[in-house]
1. If I go through the stretch 32-44 residue by residue, how many of them are out of contact with any strand residue (DSSP E or B) (no Cβ under 7 Å at 6 or more places or on another chain) and either small (Gly, Ala, Ser) or buried (at least 21 other Cβ atoms within 10 Å of the Cβ) (or both)?
2. Report, by residue number, each residue of the stretch 51-77 that is under 13 Å from CYS21 (Cα atoms), assigned to a strand (DSSP E or B) and not basic (Lys, Arg).
3. Tally the residues that are among the β-branched types (Val, Ile, Thr) and either farther than 19 Å from THR109 by Cα or in a strand (DSSP E or B) (or both), restricting the search to the stretch 78-96.
4. Just the residues that are surrounded by fewer than 18 Cβ atoms within 10 Å (Cβ to Cβ) and in a strand (DSSP E or B), please, taken from the stretch 97-115.
5. Residues of the stretch 17-31 being touching a residue at least 40 places away in the same chain (Cβ under 8 Å) and either assigned to a strand (DSSP E or B) or open to solvent by 60 Å² or more (accessible area, probe 1.4 Å) (or both), which ones?
6. Tell me which residues, restricted to the stretch 51-77, are open to solvent by less than 20 Å² (accessible area, probe 1.4 Å) and farther than 25 Å from THR112 by Cβ.
7. Please work out if LYS63 is among the basic types (Lys, Arg) and in contact (Cβ under 8 Å) with a residue 24 or more places away in the chain.
8. Can you name the number of the only condition in (1) over 17 Å from ALA22 (Cβ atoms); (2) part of a strand (DSSP E or B); (3) touching a residue at least 40 places away in the same chain (Cβ under 8 Å); (4) not charged (D, E, K, R) that GLY34 fails?
Amino acid sequence: VQLQASGGGLVQAGGSLRLSCAASGRFSSFNTMGWYRQAPGKQRELVATITSGGSTNYADSMKGRFTISRDIAKNTVYLQMNNLKPEDTAVYYCRAWKNIVLFYWGQGTQVTVSS
């Protein structure tokens, strides 16, 4: 299984980015897909998840600014990030769960927000 993340970059505070993560390989679908992030010197943290049924879950600090969505047919998950802040600077990783014990990580995409 490969998870190919893209869409990161450098943006000014208040700007927007849209991340994409396309899954390919062994499985044609995943139960849940999501995004995590890891800032320098910090632990990796949950950003948002979305189930195959469309149920979403967000970390509190991202609610109202970030929107997760997915295209089941394309096996792709998206993260629309608006009103970005310098503290959102991190490497963003996508994750896909086949079930509760089987999951995969993408390679990460850098998001840098300048003040």
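The values are calculated or read from the model by the stated rules, or taken from the named source; none is laboratory data. Please read all numbers here as calculations on a predicted model, not as lab measurements. No Cβ is skipped: glycine too gets one built from the backbone with ideal geometry, and neighbour counts run over all protein chains shown. Please note that ligands, DNA and RNA were not included when accessible areas were found on the heavy atoms of the full protein model with its side chains. Shrake-Rupley method; radii C 1.70, N 1.55, O 1.52, S 1.80 Å.
1. The first filter runs over the stretch 32-44 and keeps only residues out of contact with any strand residue (DSSP E or B) (no Cβ under 7 Å at 6 or more places or on another chain), leaving 40-43.
Retained after the next criterion (residues that are either small (Gly, Ala, Ser) or buried (at least 21 other Cβ atoms within 10 Å of the Cβ) (or both)): 41.
Result for the stretch 32-44: 1.
2. Hits for the stretch 51-77 are ILE68, SER69, ASP71, THR76, VAL77.
3. Step one: list which residues in the stretch 78-96 are among the β-branched types (Val, Ile, Thr), which gives 89, 91.
Pick out the ones that are also either farther than 19 Å from THR109 by Cα or in a strand (DSSP E or B) (or both) and you get 91.
The total comes to 1.
4. Kept after step one, since they are surrounded by fewer than 18 Cβ atoms within 10 Å (Cβ to Cβ), are these residues of the stretch 97-115: 97-103, 105, 107, 110, 112, 114-115.
The answer is TRP97, PHE103, TRP105, GLN110, THR112, SER114.
5. Narrowing the stretch 17-31 to residues touching a residue at least 40 places away in the same chain (Cβ under 8 Å): 17-24, 27-31.
The answer is LEU17, ARG18, LEU19, SER20, CYS21, ALA22, ALA23, SER24, SER28, ASN31.
6. Within the stretch 51-77, just ASN75 meets the criteria.
7. Values: among the basic types (Lys, Arg): yes; in contact (Cβ under 8 Å) with a residue 24 or more places away in the chain: no.
Against the criterion (among the basic types (Lys, Arg) and in contact (Cβ under 8 Å) with a residue 24 or more places away in the chain), LYS63 does not qualify.
8. Going through (1) over 17 Å from ALA22 (Cβ atoms); (2) part of a strand (DSSP E or B); (3) touching a residue at least 40 places away in the same chain (Cβ under 8 Å); (4) not charged (D, E, K, R) one by one, GLY34 breaks only (1).
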